[in-house]
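Throughout, read-outs are computed from the coordinates displayed, never taken from laboratory work. Source: prediction; values computed, not measured. Neighbour counts are summed over all protein chains in view; Cβ atoms, including those assigned to glycine, are modelled from backbone coordinates with ideal geometry.
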Amino acid sequence: MALTLGIETSCDETSVALVEDGRRVVSNVIHSQVDLHQDFGGVVPELAARDHLERLPGLVELAFEKAGASPDDVGLIAVTRGPGLAGCLLVGVGVAEGLSASWSRPLTGVNHLWGHIYAAMLARPDLEPPLLGLVVSGAHSDLVRMPEHGRFEVIGRTRDDAAGEAFDKAARMLGLGYPGGPALDRLARTGDPRRQPLPKPSLPGLEFSFSGLKTALLYRIRDLGHAITPRDKADLAAAFERSVVEALMDKLDEALGERSVSEVVVAGGVAANTLLRRRAAEVVAGRARLTLPTLELCTDNAAMIAAAGFFANSPPHHVGRSATSAQRTRPGGESHTSIEVDPSLGWD
Ligand code: KG4
Ligand code: ZN
């Protein structure tokens, strides 16, 4: 078995996965820190990093146990090197470097954003670039073209908040707590988006902006004051969700119209949203083939990191991305790989 061991610790999920040939998930264990951060209403970076450190060794063991595999089966170790929270990334990279040295296995640093796109390759093993991708997560709302493995061109991004961040803030305003996106999704299913309509953000070109919409929601909640009812909240959740999703769909539609492409991927945590999944299928229908990762592979996980590490690192898909890791030779002569963490890494 040629397995890639993936490690993901960029934010509030600790995850370890074993993936065969970059395409088949053999095991993918995920520990969410929701309980840890709930009382704070958001991720506390120091607590997140410490929790990753405490849990990671046990999760590595569990991933092997679930796969019925051993370190001998591992051909490559892939770890998220950015973007993400610095302290959290350092934990994953430190553990990955330790395993790489003690098992004598190659190590590659993976761009988390690439990982979200590669999650789609796990959902559909025959999926190949070129493709058009929409990555919507807690920190990004990016439209990208992927001409080949390991190469991405950003064609659209947000000017302010990311879609997931907008959902999280709206959820907080509606008293839904953290994590907001899934809670807002559930509440929106019971509401009517037409009863409390909110503006749909619209910028020229392929740019997104969600801060005006967020302010519109804030004012609406303020106007309703104490008289706000559970039904108002459900209607506002539905209206907010619709505005975000339609703004995303407008740009996806525009990008599809600009250049023909046969494959479209919508990925990232927000791709777990019920309305977004339905609308993306409608917008893409008849023009290209849409791939959405399964719900578990939309939000942060290590299987997508293993897949991205495999394809961006191995022949025939080698693309010379060795800049992500530096081969160093120690004075003693033995060589080891160290990974450079980059909390604000873009798509390159
Ligand atoms: O990709 P992800 O797990 O982490 C980042 O890389 O940021 O995305 C997390 C984001 C959060 O903002 C979360 O609220 C949002 O994805 N999210 C959702 C849903 N599930 C997760 N947003 C809307 N509807 C959902 N069902
Ligand atoms: Zn993510």
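Only lysine pairs 8 or more places apart, or on different chains, with alpha-carbon atoms under 26 angstrom apart are counted in the chain, and they number 9. The length gained on full extension between THR215 and ARG50, counted as 0.36 nm times the residue separation minus their Cα-Cα distance, comes to 55.9 nm. Shown in residue order for region 150-159 are the 3J(HN,Hα) couplings computed by the Karplus curve 6.51 cos²θ - 1.76 cosθ + 1.60 at θ = phi - 60°: x, 10, 9, 10, 7, 10, x, 8, 8, 7 Hz (x for Gly and Pro).
Percent of Cα-Cα pairs more than 29 Å apart in region 82-241, please. Don't skip to the end; give the middle numbers.
Working: 4648 of 12720 pairs.
Everything past 29 Å amounts to 37 percent.
From the largest down, region 129-177 spans 43, 18, 13 angstrom on the principal axes of its Cα atoms.
In this simple spin-label approximation, ARG277 and ALA86 carry label points 7 Å from Cα along the Cα→Cβ vector, and these lie 3.8 nm apart.
Around the amide H of GLY22, modelled in the peptide plane, lie the amide H atoms of THR4, all under 5 Å away and 5 or more residues distant in sequence or on another chain. Write down the percent of antiparallel bridges among all DSSP beta bridges whose residues are both part of the chain, to the nearest 5. The antiparallel fraction comes to roughly 60 percent. In a DSSP loop and with at most 11 other Cβ atoms within 10 Å, the trypsin sites (Lys or Arg not before Pro) in region 214-270 are ARG259.
Give the separation of the Cα centroids, region 44-89 to region 165-197, in Å. For region 44-89 versus region 165-197, the Cα centre distance is 31 Å.
If you wrap the tightest convex hull around every Cα atom of region 1-138 and split its volume per residue, you get 108 Å³.
The HN-Hα couplings worked out from phi for region 288-295 by the Karplus form 6.51 cos²θ - 1.76 cosθ + 1.60 (θ = phi - 60°) are 7, 9, 9, 10, 10, x, 4, 3 Hz, whole numbers, x standing for Gly and Pro.
Of TRP347, TRP114, TRP103, the sequence from fewest to most neighbouring Cβ atoms within 10 angstrom is TRP103, TRP347, TRP114. The label-point distance for ASP39 and ARG222, in a model that sets each label 7 Å from Cα toward Cβ, rounds to 3.2 nm.
Region 167-315 has equivalent-ellipsoid semi-axes of 31, 19, 13 Å, by the square roots of 5 times the alpha carbon gyration tensor eigenvalues, sorted largest first. Relative to one another, the C-alpha centroids of region 103-126 and region 228-295 are positioned 24 Å apart.
So if we plug the beta-carbon distance of SER202 and ARG289 into 1/(1 + (r/R0)^6) with R0 = 30 Å, what FRET efficiency do we get, rounded to 0.05? Efficiency, from the Cβ-Cβ distance: 0.60. The Kirkwood radius of the chain, taken over pairs of alpha-carbon atoms, gives through the Stokes-Einstein law at 37 °C and 0.692 mPa s a diffusion coefficient of 159 µm² s⁻¹.
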